[in-house]
Amino acid sequence: MPRPLPWLVALLCTVSQASAQALHPAGELVERSASTQRQRPDESFRLATQALAVLAQQPDADLELRARTLACSHLSERDRAAAEREVAAAERLLPQLRRKALRAGMLGCQGEIHEYAGDNVRAMSFYQQAVGVAEAADEKELLAGALFQRGYLRGLQGEYASGLVDLRRARSLYEQLGLAHQAAGTLNGIAIVYNRMGDFTQARAYYRQTLAAQQSAGLLREQAVTWHNLGRANENLAAWSEAREAFEAALALCREIAYRRGEAHALRGLAGVRNAQGDARGALALLVDADTLQRQTPDARLRAQIQLQRGIALRLLKRPADSLQALDEALEIFKHADSQAELVATYDALAATEAELGDWRAAYERQRQLKTASDRLLQRQLDQRFATLKVAFDAEAKDKENRSLLRERQVAESALDESRQAGRVQLALIGVAALLLATLTFMALRMRRATARMRLLALTDDLTGLPNRRAVLARLRDQLEQRGAAPCAVMIADLDNFKAINDRLGHGIGDEVLRAVGTVLADAVREPVFVGRLGGEEFLVVLPETDRESARQAAERIREQVGALDLKRWIGEGSLTVSLGVTVSGSGHDAPSDMLRRADTALYAAKHGGRNRVVLDGGH
């Protein structure tokens with residue numbers, strides 16, 4: 001996806017040395033180039049080029065490096081060879097710099113060049129160097145920009161926790177410096193990481209927050225990027241109309257500011273929406289334009305994303321051989337970039353195409369690769385969510401530990417000074433050891449509580465607060481294994497016409513309705529009965545030691561309670577209804593999958609029979 005500006009380049013021309021360089025005739029050109037980069041990229045590049053022409057007559061190493069960094073940042077996503085020439089020219093200036101930390105900006109641009117080419121390993125090496133240079137010089141503006149670049153790439157590579165640490169630190173630095181627009185742009189980067197972590201709803205909320213700030217400030221390029229990213233979040237949520245609107249807004253802005261790479265990304269997004277809605281011919285027409293624009297940039301991942309959508313469209317048009325060629329190209333690029341989420345999508349598309357060709361052995365192998373990649377991605381997302389919580393805890397504990405150690409150092413130094421005359425060195429050391437022991441004990445207790453919280457998060461549905469699918473099915477499995485001869489009833493509750501609520505009123509209202517239903521179900525059951533959310537608008541209720549008639553009566557009570565919900569403030573007039581499929585375990589061994597299949601069949605019968613009713617498997 002197009003990325004927010006690293007802000008590093010823009011910051012090269014804000015505060016430091018402004019008064020000294022204002023006297024140089026190229027100084028104003030550099031300042032204007034930086035200030036227009038987020039609104040009119042081509043104008044920014046033209047001003048940087050003019051500044052370099054002036055500097056050829058009146059040299060100033062610091063100003064020239066800043067101008068070349070601005071030019072390099074513009075060219076890195078358009079013309080790799082030209083960007084590398086700017087890097088070479090900048091490196092010749094390094095011995096002459098007064099402000100040595102400006103090298104961080106050029107290191108950042110070198111990282112961008114390799115990132116756009118799909119070489120993330122080398123890109124990360126340059127970003128690491130940029131952080132080190134800025135940090136060593138205590139240049140907060142440059143450090144924030146370098147942290148942004150490193151954090152963004154870490155998120156792309158699946159290192160979500162460390163990426164969020166970098167991005168949040170960058171945002172904190174911008175806020176300390178009073179740079180509100182840059183802080184808002186960093187929030188966009190944080191949203192991208194949440195999107196890749198699978199938390200699409202949170203990402204969408206962050207994108208909307210960022211977009212409001214960018215619209216207020218008139219940052220056209222950044223608005224285009226955020227609109228596109230909002231479209232990706234809606235694409236992941238299968239909110240196709242909202243995704244289309246966001247991509248169209250991004251496309252219009254990119255065309256207004258002549259941002260070709262962003263235009264190609266927006267066209268890819270619109271093609272993805274058309275593929276999802278079955279309009280493969282419309283998707284291919286958009287991808288022709290996207291491909292033409294992409295060939296003007298060195299962005300390898302964009303090329304792969306276009307080929308992925310082309311492969312999907314060609315398969316839908318019954319051209320599987322052409323589809324396979326496009327998908328194979330996308331697969332190689334995504335493998336090289338270690339882009340796990342896109343690898344999963346590509347393996348899925350390849351499996352469908354191989355099946356279309358009738359090569360079932362190859363289709364099976366693609367399905368196996370799909371499962372491996374999907375499991376790896378889900379495990380990484382879960383691990384990184386845990387790591388994110390741990391990092392937050394560790395950061396808090398580290399801050400407290402550092403403050404405690406600082407106090408201890410002051411106490412120890414005072415005690416040592418006195419001990420030279422009074423012989424109290426040993427007593428002071430014992431006191432320090434006691435304080436350290438107390439600190440470590442406190443940290444251990446906090447870590448234990450944090451571990452418990454992380455385990456709870458892994459088993460809880462974020463939206464409703466009920467146990468999630470993993471938790472409720474694990475408990476059902478335990479119940480079935482331990483029940484002996486006692487029956488166990490299971491019911492699946494599915495909200496009627498819920499999709500219409502989402503389509504008509506939006507997913508925000510749909511989420512509120514799901515929370516309300518979750519509250520009704522939680523209040524309706526008492527141990528040993530338990531309830532959880534299976535996903536979407538489906539909930540599972542398990543009733544141990546319950547026969548068919550008692551289960552039916554319980555299901556009827558739930559149906560009536562849901563129907564009595566007062567939802568006027570969200571959906572207006574009308575009521576919400578629910579259909580329930582119920583089954584009871586047999587005398588033999590029943591697996592959770594058997595119970596769910598029978599309950600689901602009964603639920604289908606309830607839906608088919610007119611909704612708002614209870615159906616037992618094998619009966620009414």
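The values are calculated or read from the model by the stated rules, or taken from the named source; none is laboratory data. Quick caveat: nothing in here was measured; it's all calculated off a predicted structure. Cβ placement follows ideal geometry from the backbone for every residue including glycine, while neighbour counts extend to all protein chains displayed. Areas reflect the complete protein model, heavy atoms only, side chains present, ligands, DNA and RNA absent. Shrake-Rupley method; radii C 1.70, N 1.55, O 1.52, S 1.80 Å.
Table for the structure above
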quantity: Protection proxy ranking of 77-85, 44-52 - average other beta-carbon atoms within 10 Å, highest first; calculated: 44-52, 77-85
quantity: Solution diffusion estimate, µm²/s, Stokes-Einstein, segment 241-282, Kirkwood Rh from C-alpha pairs, 10 °C, viscosity 1.306 mPa s; calculated: 155
quantity: Pairwise Cα inverse-distance average, inverted: Kirkwood Rh of segment 169-211 (Å); calculated: 10.3
quantity: Percent carbon-and-sulfur accessible area, segment 168-317, ignoring ligands, DNA and RNA, probe 1.4 Å; calculated: 46
quantity: Linear extension gain, Arg597 paired with Val525, 0.36 nm per residue minus alpha-carbon span; calculated: 23.6 nm
quantity: Distance between segment 49-95 and segment 253-275 - C-alpha centres, whole angstrom; calculated: 29
quantity: Debye log10 I(q)/I(0) at q = 0.16, 0.20, 0.22 Å⁻¹ for segment 141-237, Cα point scatterers; calculated: -0.59, -0.92, -1.10
quantity: In Å, descending, principal axis extents of the Cα set of segment 65-108; calculated: 30, 14, 14
quantity: Spread of Cα-to-Cα distances over 5 Å intervals beginning at zero, given as percent, for segment 454-603; calculated: 2, 10, 20, 22, 20, 13, 8, 4, 1, 0
quantity: Average projected area [Cα convex hull, segment 261-324], square nanometres; calculated: 3.7
quantity: Arg470 paired with Thr372, simple spin-label distance in nm, labels 7 Å along Cα-to-beta-carbon; calculated: 2.2
quantity: Cα→Cβ-extended label distance, 7 Å offset, between Thr49 and Ala485, nm; calculated: 9.0
quantity: Furthest towards positive pole of dipole, Thr292, Gly282, Tyr207, structure part segment 151-309, Cβ charges; calculated: Thr292
quantity: Burial order of peptide ranges 247-256, 165-174 (average beta-carbon count within 10 Å, highest first); calculated: 165-174, 247-256
quantity: Principal semi-axes in Å for segment 86-157 [√(5λ), Cα gyration tensor, largest first]; calculated: 20, 15, 7
quantity: Sorted largest first, extent of segment 469-521 alpha carbons per principal axis (Å); calculated: 48, 18, 17
quantity: Residues in segment 185-206 reached by a label modelled at Glu175 [backbone nitrogen below 18 Å; 7 Å Cα→Cβ]; calculated: 185-194, 203, 205-206
quantity: Relative contact order computed over segment 516-609 (Cα-Cα under 8 Å; 6+ residues apart), in percent; calculated: 20
quantity: Nearest-0.05 FRET efficiency for Arg98 and Asp462, computed from C-beta distance (R0 45 Å); calculated: 0.30
quantity: Additional length obtainable on full extension of the chain from Lys318 to Ala362, 0.36 nm per residue less Cα span; calculated: 14.1 nm
quantity: Estimated FRET transfer efficiency (Glu91, Leu505; beta-carbon r; R0 56 Å; 0.05); calculated: 0.45
quantity: Potential extension, Asp328-Asp289 segment - 0.36 nm per residue separation minus Cα distance; calculated: 11.9 nm
